[in-house]
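Presented below is the structure to which this report refers.
The values are calculated or read from the model by the stated rules, or taken from the named source; none is laboratory data. These numbers were taken from a predicted model, which means no experiment stands behind them. Methodologically, a virtual Cβ is constructed for each residue, glycine included, from the backbone with ideal geometry; neighbour enumeration extends over all protein chains shown. Just the protein is used for accessible areas: all its heavy atoms, side chains included, with ligands, DNA and RNA removed. Shrake-Rupley method; radii C 1.70, N 1.55, O 1.52, S 1.80 Å.
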Amino acid sequence: MRFSNPTRGTATLIGLSAVLMWGLLAVLSSLVPEVPSFQLTAMALLIGGCLGAASWLFRPGAASSLRQPWPVWLLGVYGIFGYHFVYFTALRLAPPVEANLVNYLWPLLIVLFSALLPGEKLKPRHVAGAV
(Lines give C-alpha, C1' and ligand atoms only; values in the text may rest on other atoms or scores of the structure.)
Protein backbone atom coordinates (compact mmCIF):
# COMPACT_ATOMS: atom_id res chain seq x y z
CA MET A 1 0.00 0.00 0.00
CA ARG A 2 1.42 3.40 -0.98
CA PHE A 3 0.40 6.59 0.76
CA SER A 4 2.27 8.98 -1.53
CA ASN A 5 -0.54 9.06 -4.12
CA PRO A 6 -3.74 7.70 -2.55
CA THR A 7 -6.77 6.85 -4.63
CA ARG A 8 -9.95 8.80 -4.10
CA GLY A 9 -11.41 6.00 -1.96
CA THR A 10 -8.29 5.80 0.21
CA ALA A 11 -8.26 9.56 0.67
CA THR A 12 -11.93 9.51 1.65
CA LEU A 13 -11.29 6.72 4.16
CA ILE A 14 -8.37 8.62 5.69
CA GLY A 15 -10.50 11.76 5.95
CA LEU A 16 -13.40 9.87 7.48
CA SER A 17 -11.15 8.29 10.08
CA ALA A 18 -9.72 11.72 10.95
CA VAL A 19 -13.22 13.15 11.42
CA LEU A 20 -14.27 10.16 13.55
CA MET A 21 -11.19 10.43 15.78
CA TRP A 22 -11.67 14.17 16.15
CA GLY A 23 -15.37 13.79 16.93
CA LEU A 24 -14.86 10.99 19.45
CA LEU A 25 -12.03 12.64 21.38
CA ALA A 26 -14.27 14.24 24.01
CA VAL A 27 -16.53 11.20 24.31
CA LEU A 28 -13.71 8.73 24.77
CA SER A 29 -11.77 10.93 27.19
CA SER A 30 -14.92 11.40 29.28
CA LEU A 31 -15.25 7.63 29.60
CA VAL A 32 -12.01 7.38 31.62
CA PRO A 33 -12.34 9.99 34.40
CA GLU A 34 -9.93 8.07 36.65
CA VAL A 35 -6.98 8.63 34.29
CA PRO A 36 -5.22 11.95 35.07
CA SER A 37 -5.19 14.53 32.25
CA PHE A 38 -1.40 14.57 31.99
CA GLN A 39 -1.23 10.79 31.68
CA LEU A 40 -4.11 10.67 29.19
CA THR A 41 -2.39 13.29 27.04
CA ALA A 42 0.92 11.42 27.15
CA MET A 43 -0.75 8.11 26.29
CA ALA A 44 -2.75 9.56 23.39
CA LEU A 45 0.21 11.35 21.86
CA LEU A 46 2.47 8.32 22.34
CA ILE A 47 0.02 6.11 20.45
CA GLY A 48 -0.32 8.69 17.69
CA GLY A 49 3.44 9.15 17.49
CA CYS A 50 4.05 5.42 17.25
CA LEU A 51 1.45 5.07 14.49
CA GLY A 52 3.01 7.98 12.64
CA ALA A 53 6.49 6.47 12.97
CA ALA A 54 5.16 3.10 11.79
CA SER A 55 3.83 4.79 8.65
CA TRP A 56 7.42 5.60 7.67
CA LEU A 57 7.71 1.98 6.59
CA PHE A 58 5.32 2.79 3.75
CA ARG A 59 6.64 6.30 3.04
CA PRO A 60 10.36 6.25 2.31
CA GLY A 61 12.02 9.56 3.07
CA ALA A 62 9.19 10.80 5.31
CA ALA A 63 11.46 10.78 8.36
CA SER A 64 13.59 13.47 6.71
CA SER A 65 10.82 15.98 7.47
CA LEU A 66 11.84 15.73 11.13
CA ARG A 67 14.83 17.96 10.40
CA GLN A 68 13.41 21.22 11.68
CA PRO A 69 14.90 24.11 13.70
CA TRP A 70 14.53 23.76 17.47
CA PRO A 71 11.93 26.60 17.80
CA VAL A 72 9.65 24.65 15.45
CA TRP A 73 10.00 21.55 17.63
CA LEU A 74 9.47 23.57 20.81
CA LEU A 75 6.30 25.21 19.56
CA GLY A 76 4.98 22.03 17.94
CA VAL A 77 5.55 19.69 20.87
CA TYR A 78 4.50 22.07 23.61
CA GLY A 79 1.63 23.46 21.55
CA ILE A 80 0.08 20.09 20.78
CA PHE A 81 0.79 18.67 24.24
CA GLY A 82 -0.41 21.84 25.99
CA TYR A 83 -3.62 22.06 23.95
CA HIS A 84 -4.59 18.46 24.69
CA PHE A 85 -3.64 18.70 28.36
CA VAL A 86 -5.79 21.81 28.84
CA TYR A 87 -8.60 20.23 26.79
CA PHE A 88 -8.62 17.01 28.82
CA THR A 89 -8.43 19.01 32.06
CA ALA A 90 -11.41 21.12 30.96
CA LEU A 91 -13.40 17.98 30.19
CA ARG A 92 -12.69 16.80 33.76
CA LEU A 93 -13.57 20.07 35.47
CA ALA A 94 -16.60 21.15 33.44
CA PRO A 95 -19.46 19.33 31.78
CA PRO A 96 -18.18 18.04 28.42
CA VAL A 97 -20.81 19.89 26.39
CA GLU A 98 -19.87 23.27 27.87
CA ALA A 99 -16.13 22.54 27.60
CA ASN A 100 -16.57 21.67 23.91
CA LEU A 101 -18.58 24.83 23.26
CA VAL A 102 -15.69 26.91 24.59
CA ASN A 103 -13.14 24.75 22.76
CA TYR A 104 -14.81 25.19 19.39
CA LEU A 105 -14.75 28.98 19.64
CA TRP A 106 -11.24 28.94 18.15
CA PRO A 107 -12.30 29.49 14.50
CA LEU A 108 -14.32 32.52 15.57
CA LEU A 109 -11.49 33.87 17.69
CA ILE A 110 -9.00 33.46 14.84
CA VAL A 111 -11.18 35.65 12.64
CA LEU A 112 -11.69 38.29 15.33
CA PHE A 113 -8.11 38.39 16.64
CA SER A 114 -6.66 38.51 13.12
CA ALA A 115 -7.78 42.13 13.12
CA LEU A 116 -5.07 42.80 15.72
CA LEU A 117 -2.29 41.79 13.31
CA PRO A 118 -0.17 44.58 11.78
CA GLY A 119 -1.84 46.10 8.75
CA GLU A 120 -5.17 44.38 9.39
CA LYS A 121 -8.49 45.72 10.60
CA LEU A 122 -11.84 44.23 11.49
CA LYS A 123 -14.08 44.51 8.45
CA PRO A 124 -17.87 44.30 8.36
CA ARG A 125 -17.69 40.86 6.72
CA HIS A 126 -15.64 39.58 9.68
CA VAL A 127 -18.24 40.85 12.12
CA ALA A 128 -21.04 39.36 10.02
CA GLY A 129 -19.25 36.03 9.95
CA ALA A 130 -18.73 36.15 13.72
CA VAL A 131 -22.41 36.94 14.32
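Condition check: under 23 Å from Trp106 (Cβ atoms), open to solvent by 50 Å² or more (accessible area, probe 1.4 Å) and at pLDDT 90 or above. Does Leu28 satisfy that? Here the answer is no, as Leu28 does not meet what is asked. In the stretch 63-76, the qualifying residues are those that are at pLDDT 90 or above and in a helix (DSSP H, G or I), and the one that is most open to solvent (accessible area, probe 1.4 Å) is Trp70. The C-beta contact set for the stretch 89-103 (first residue among the charged types (D, E, K, R), second residue in a helix (DSSP H, G or I), distance under 7 angstrom, 6+ apart or interchain) comprises Arg92/Ser37.
If only one of Gly61, Gly49, Gly9, Gly15 is without any contact (Cβ under 8 Å) to a residue 24 or more places away in the chain and closer than 21 Å to Tyr104 by Cα, which one is it?
Working: Gly61 fails: closer than 21 Å to Tyr104 by Cα; Gly49 fails: closer than 21 Å to Tyr104 by Cα; Gly9 fails: closer than 21 Å to Tyr104 by Cα.
So the residue among Gly61, Gly49, Gly9, Gly15 that is without any contact (Cβ under 8 Å) to a residue 24 or more places away in the chain and closer than 21 Å to Tyr104 by Cα is Gly15.
Given the options Pro60, Pro33, Pro6, name the one that is surrounded by 13 or more Cβ atoms within 10 Å (Cβ to Cβ), more than 16 Å from the chain's Cα centre (by Cα) and at pLDDT below 90.
On the way: Pro60 fails: surrounded by 13 or more Cβ atoms within 10 Å (Cβ to Cβ); Pro33 fails: surrounded by 13 or more Cβ atoms within 10 Å (Cβ to Cβ).
From the options Pro60, Pro33, Pro6, the qualifying one is Pro6.
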